[in-house]
Structure formats: C-alpha cells, structure tokens
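The values are calculated or read from the model by the stated rules, or taken from the named source; none is laboratory data. Everything quoted here is computed from the prediction, not taken from an experiment. Neighbour counts run over all protein chains shown; Cβ positions are idealised from the backbone, glycine included.
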Amino acid sequence: MVLALLVAGTAVGAVPAPGGIGPVDAALVFTMAAFGAPVGTATATVIGYRVLTVWLPLLPGALVLSALLHRKVL
C-alpha cells in the first residue's frame, strides 16, 4: 500500500485537484491492481483511506466550528 501510494502520488502530483481527490484515487486503484491486488480490494482500500484522511477529520472540525459560532467567537 505504501509503495502504491508513493507511485500514484508521484505520478499525478501535478494534477490541480484539492488533496488529489479523484486522479490520485484512480491512480492508487490502478497501481495496487498492477501490483496484484484485486480491483475490488484496491477500491475498498482507497475509499477507506479517503474516509480516514479526508472525511473523518471534518467531524471534530464541524463540532468546534459550531461551538465557536454558538458562543459568537466567530
């Protein structure tokens, strides 16, 4: 997985997408499949990776933002 992430991230690092979402995900799935992982497993791994690195951190941030807005700090 680490080697696939390195290869995919390097290959599409010039793509102007926020966080590389989209092109990097496709490249990760393709690279893991090229290294012998089943496509379904590679896809599930990339989705899990994105949930943990992009979507999960939004939850505490949204809670803190809500509290700050409620207290009129922002």
Matching residues, region 25-34, being within 12 Å of L3 (Cβ to Cβ) and crowded, with 19+ Cβ neighbours inside 10 Å: L28, T31, M32
Given (1) loosely packed, with under 12 Cβ neighbours inside 10 Å; (2) part of a loop (DSSP other than H, G, I, E, B), number of the condition A37 does not satisfy: (1)
Residues being more than 15 Å from V24 (Cβ to Cβ) and among the β-branched types (V, I, T) - total across region 49-73: 2
In region 46-74, the residues that are surrounded by 12 or more Cβ atoms within 10 Å (Cβ to Cβ) and under 16 Å from V2 (Cα atoms): V46, I47, Y49, R50
Residue within region 22-34 that is without any contact (Cβ under 8 Å) to a residue 60 or more places away in the chain, among the hydrophobic types (A, V, I, L, M, F, W, C) and outside any helix (DSSP H, G or I) present: no
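Taking region 6-21 as the region of interest, how many residues are touching a residue at least 24 places away in the same chain (Cβ under 8 Å) and either in a helix (DSSP H, G or I) or over 10 Å from the mean Cα position of the chain (by Cα) (or both)?
The first filter runs over region 6-21 and keeps only residues touching a residue at least 24 places away in the same chain (Cβ under 8 Å), leaving 7, 19, 21.
Adding the requirement that they be either in a helix (DSSP H, G or I) or over 10 Å from the mean Cα position of the chain (by Cα) (or both) leaves 7, 19.
So the count comes out to 2.
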Hits in region 31-70 (condition: aromatic (F, W, Y) and touching a Leu at 6+ places or on another chain (Cβ under 8 Å)): F35, Y49
Qualifying residue in region 10-24 (condition: closer than 20 Å to W55 by Cβ, modelled with pLDDT of 85 or more and buried (at least 17 other Cβ atoms within 10 Å of the Cβ)): no
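For region 31-48, give me the residue count where each residue is more than 21 Å from T10 (Cβ to Cβ) and not aliphatic (A, V, I, L, M).
Adding up the residues that qualify gives 4.
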Checklist (1) within 17 Å of A4 (Cα to Cα); (2) hydroxyl-bearing (S, T, Y); (3) out of contact with any helix residue (DSSP H, G or I) (no Cβ under 6 Å at 6 or more places or on another chain); (4) at pLDDT 95 or above applied to T43, failing item: (3)
